[in-house]
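Here's the structure we're looking at; comments come further down.
Nothing in this text is a laboratory measurement; each read-out follows from the coordinates by a stated rule. Note that the coordinates shown come from a computational prediction; the quantities given were computed from them, not determined experimentally. Please note: Cβ atoms are built from the backbone with ideal geometry, for glycine as well, and neighbour counts cover all protein chains shown.
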Amino acid sequence: MTKLLSVHDLHVDFATEDGTVNAVRGINCYVNPGECLGVVGESGSGKSQTFLAAMNLLSNNGSARGEINFKGQNLLDLPLKKLNKIRGSSISMIFQDPLTSLTPHMRVVDQMREVLKFHQKLSGAEADKKCLEWLERVHIPEAKRRLRQYPFELSGGMRQRVMIAMAMLCNPDLLIADEPTTALDVTIQAEILDIMDELRREQGTAIVMITHDMGVVARMCDRIQVMRYGEYVEEGAVDDIFSNPQTEYTRMLLDAMPRIDKPRLERKQPVTAPSKDSFLNVDSLKVEFDIFNGLFARKNVLKAVDGISFDLAKGETLGVVGESGSGKSTLARAILRLLPVASGEVSWLGADLMGMGKNQMKDARQDLQIVFQDPMASLNPSMTIGSSIMEPLRIFAPHLSKEERRQKVEAMMDRVGLPKSMINRYPHELSGGQNQRVGIARAVILSPKLVICDEAVSALDVSIQAQIIDLLRDLQKDMGLSLIFISHDLSVVREISDRILVMYLGNVVELATSDALFEAPQHPYTKQLISAVPIPDPVVERTRKRLKLKGELSSPLDSAARLRFMPSKSESLSAAQKSDYRPKLIDQGDNHFVAEHDPIEMLLVDE
Amino acid sequence: MLTYAFKRTLTALPVLWIAITVCFFVLRLAPGGPFDGERPMPAGIKANLDAHYNLDKPLIQQYAIYIGDVLQGDLGPSFTTEDFSVAEQISIGLPYTLILGGAAFVVSIVFGVLAGIIGALKRNSWSDHTLAALVLLGLVIPNFLMAPILQLLFGIELAWLPVGGWGDGSLRYLVLPVAVLSFPHIARISRLMRGAMIEVLASNFIRTARSKGLGSTPIVMRHALRPSLMPVMSYLGPAAGYLLTGSLVVEQIFGLPGIGRYFINAALNRDYGMVLGTVIFYMVIILILNLIVDLLYAWLDPRVRAQ
């Protein structure tokens, strides 16, 4: 078979102030017509740079050597004018972050039209018709209206659909997708992957799927190429690689990925059901934000957290999952009083946390710590990591001498797996995983009782993710910590949690032990979430059926959206009643709570 | 959009009031008055004059009368030019100042933006470095030095352009004053534009535009230009202020009959009415320009429009 695209001995170098960085070192690979090639590797593997080089999209300081053949032409030697005839027409590309990848001040239709105008000399009504046709093919609701909208008016999933529609306008032979679903929620990811699969089948477009997610690969790809540090690791058919990886690295990648369809890697003794008045009790907590639209318009109240109650026992790990906009991070910050609370109570070791004065609260903070998502951005760039870890000691243990503090910091660095020699380094000199270890060291150096991890591993590679989770687990065992572990990634939450709370638009829809939730989910939303998670096993993936529910994640400003899973109730209530009604949480026994909902059959999308 | 403009105008009123009040009292605190010449006036005449212009009343009462007049749109009489009211004098000088300032404003933007785009696209080339050197010159040479240098070179040595004056109002008379007035602003705007453009060109949506196969002209003009103008926009408000104050000096040097010349003379002669009137007039112009800039923001960024 003639190859559609073949890469021979590709090198990509970046000239930086610290000398030349060799991002890609002699890569060979190829794409057959109509196939889906998965290009897998962790950050720094050069997987994106390989294909950015093919499109001549490297940043200014980058240069590529070697050969990239497409239809008998070497793309690397092609003059820009000729390459421009190919880019966007025969080969097109979509990117990770659909918001920043669309021009913010241009309407969707204008951005799409210019592709047609440049490549096919189409304009006017004919071009508009084609744009509309493609928006409909990627299943954008109300496509006609979307044409006139700006990117910021669309949701993340819709923006990525626009990107895909725009990339497909000229029926390309090859679509390069660079982490196309990494920034999206699982249910949206599932929809985007479905669309791409459909396009491949119907149009015969070959797809290069660049991703770190083995689940996505298992779901989409025919063949895989694994890369590491800019070098080739292995290549083969998807089933072969998954069932019988030839290299240690690939095996490690596969093993590091937690699977929701297999028993958990390590089961600890589950913490017994929390008794009331024990440790942390959250009762009907509400957080509201005022949103102003227009100058004299009424203010809108966004109910980010809309009456959440739960208890946490000492040493327990509570997982909180939900999609973006579900209010999970707001909940975390509200519990720690990093945000003003509208109403509700939080009792901490029997004391009312919300009613505490400034000094009392400061004392309480010793025991209440938080680890944030973006490790680099959460550390002060002008402080060495040593002084970042030491800062809590300065505030809460002023009696310690400088030397004692330094010893404590070194001991803690050792504990979280950072070499002591790094004490005077700055955050930008460390990797993401190392920075997150700093964040954890800073959080636990005062031996707190509760640590909230707000998407603490979401920005990290899977292998690093697994290490950080192990670290958290060890610390929990040694120090008796309680954890609230917030993530949009269900498989990670399942690994670490004793119980899991599922949030939807500021409300709890289900609360159960980790095993019960995944083995016998009750609420349709939970079921949908679980079915959307890709499983890193191509055989399983092919036979799985994804649940599609009516409607999409709507805005928390839309008060009726909370009744999405109770259409029967929604019909029987007036508009005013609708906005006040909250599905009640029903005790199913065995610490399993489920919000009221209609039977799932009523909610499925008709197919 | 209209309500926004209205609201902005309302919030500008207190600023205007504070400025008038400060000017009013600072001027009165300065030693001397409009009728203190080298030769003292007979006491009787001075008393009559003071009474005519309300200068014999307590300061606070004078202030109340003045504010009352301003609220009715009356900027009062000039204290030193008997036959003209302040409003009349301003309207005599206004066309010259507006033409000069307006031309300098447009020239600053056009040349500044163009130079910025060239600097960003030809980064670190000889054209970029030449522009950077010119910018430095524009920033370090003050206008009262720049003006005589240009007059000497183009007016006397080469004799291409008139040294000063308004003449028949043709373009030739405008070239030098506009050049002097706009040079430092071209310099600043080109720097702002260059920096913003370089940043925008490195952003994800430009990568997308390149991946669509677009050439560099549509990428710059359609995708990169508007977001790059943002920092330039925020400079335009203050730039309008600098242009007006700069025009005082430039009008004086080139002997142009604009408001600036009256303003300087009025300040030297303690013509309270004239100084205050000009200040109010300048402030209103600057407020209007700032409002226009804010409305332009909305044009540049649809997200601003939605708020």
Checklist entry - Given the pairs A:3/A:47; A:262/A:545; A:314/A:527; A:130/A:550; A:144/A:303, which are separated by over 22 angstrom at their Cα positions? => result A:314/A:527; A:130/A:550; A:144/A:303
Item to check | Helix-only [θ]222 nm of chain A, DSSP H runs n ≥ 4, -39500 (n - 2.57) each, per residue, nearest 500 | outcome: -10000 deg cm²/dmol
Checklist entry - By the scheme Lys and Arg +1, Asp and Glu -1, what is the net charge of all other residues having a beta-carbon under 10 Å from that of residue B:62? => result +1
Checklist entry - In which sequence would B:262, B:53 go, from the one with the fewest C-beta neighbours within 10 Å to the one with the most? => result B:53, B:262
Checklist entry - How long, wide and thick is the range A:41-150, going by the Cα atoms along their three principal axes, in whole angstroms, largest first? => result 45, 32, 24
Checklist entry - Where is the GNM fluctuation largest for chain B (alpha-carbon springs, 10 angstrom cutoff): B:127, B:78, B:108? => result B:127
Checklist entry - Using +1 on the beta carbon of Lys and Arg, -1 on that of Asp and Glu, and nothing else charged, what's the dipole of the protein assembly as shown about the Cα centre, debye to 20? => result 1040
Item to check | Percent breakdown of C-alpha pair distances by 20 Å bin, ordered from the shortest bin, for the protein assembly as shown | outcome: 11, 33, 32, 18, 5, 0
Checklist entry - Is any residue of the range A:125-163 close enough, with backbone N under 11 Å, to a label point placed 7 angstrom from the Cα of residue A:194 along the Cα-Cβ axis, and if so, which? => result A:139
Next on the checklist: As a footprinting exposure proxy, order A:384, A:181, B:245 by other Cβ within 10 Å, with the fewest listed first.
Outcome noted: B:245, A:384, A:181
Next on the checklist: At 24 angstrom or more along the helix axis (alpha-carbon based) and mean Kyte-Doolittle of -0.5 or higher, what helices does chain A contain? Whole DSSP H runs only.
Outcome noted: A:186-203, A:462-479
Item to check | Rh (Kirkwood; distinct C-alpha pairs) - chain B, Å | outcome: 22.3
Item to check | Inter-probe distance in nm under a simple model that places probes 7 Å from Cα toward Cβ, at residue B:56 and residue A:478 | outcome: 9.2
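Given Cα pairs under 8 Å that are at least 6 residues apart, what percent is the relative contact order of chain B?
Normalised by residue count, the contact order of chain B is 27 percent.
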Checklist entry - Most fluctuating residue of B:89, B:62, B:151 in a GNM of chain B with Cα springs under 10 Å: which is it? => result B:62
Item to check | Phi-based couplings in Hz for the range A:588-593 (Karplus 6.51, -1.76, 1.60; Gly and Pro marked x) | outcome: 9, x, 6, 6, 10, 10
Item to check | Per-q log10 I(q)/I(0), the range A:5-255, q = 0.09, 0.15 Å⁻¹ (Debye; single scatterer per alpha-carbon; no solvent) | outcome: -0.39, -1.09
Item to check | Note, ³J(HN,Hα) from phi for the range A:515-520, Karplus 6.51, -1.76, 1.60, rounded to Hz, x at Gly and Pro | outcome: 5, 4, 5, 7, 7, 9
Checklist outcome for this item: The residues B:129, A:399, A:119, A:523, sorted from fewest to most surrounding Cβ atoms within 10 Å, come out as A:399, B:129, A:119, A:523
Checklist outcome for this item: Between the modelled labels at residue A:598 and residue B:216 (7 Å from Cα along Cα→Cβ) the distance in nm is 5.9
Item to check | Measure of compaction for the range B:89-258 (Cα Rg per 2.2 N^0.38 Å) | outcome: 1.18
Checklist outcome for this item: So residue A:591 and residue A:569, fully extended at 0.36 nm per residue minus their Cα-Cα distance, gain in nm 5.3 nm
Next on the checklist: How big is the dipole moment of the range A:5-255 about its Cα centre under a simple scheme where the beta carbon of each Lys and Arg is +1, that of each Asp and Glu is -1, and everything else is neutral? Debye, nearest 20, please.
Outcome noted: 1300
Checklist entry - Helix B:272-300: angle to the longest alpha-carbon principal axis of chain B, degrees 0 to 90, nearest 10? => result 20
Checklist entry - If R0 is 30 Å, what FRET efficiency do you get for residue A:337 and residue A:414 from their C-beta distance, rounded to 0.05? => result 0.40
Item to check | Built amide H within the under 5 Å cut-off of residue A:122, gap 5+ | outcome: A:117
Item to check | Other-chain or far-sequence residues with amide H under 5 Å of residue A:430's (modelled H) | outcome: none
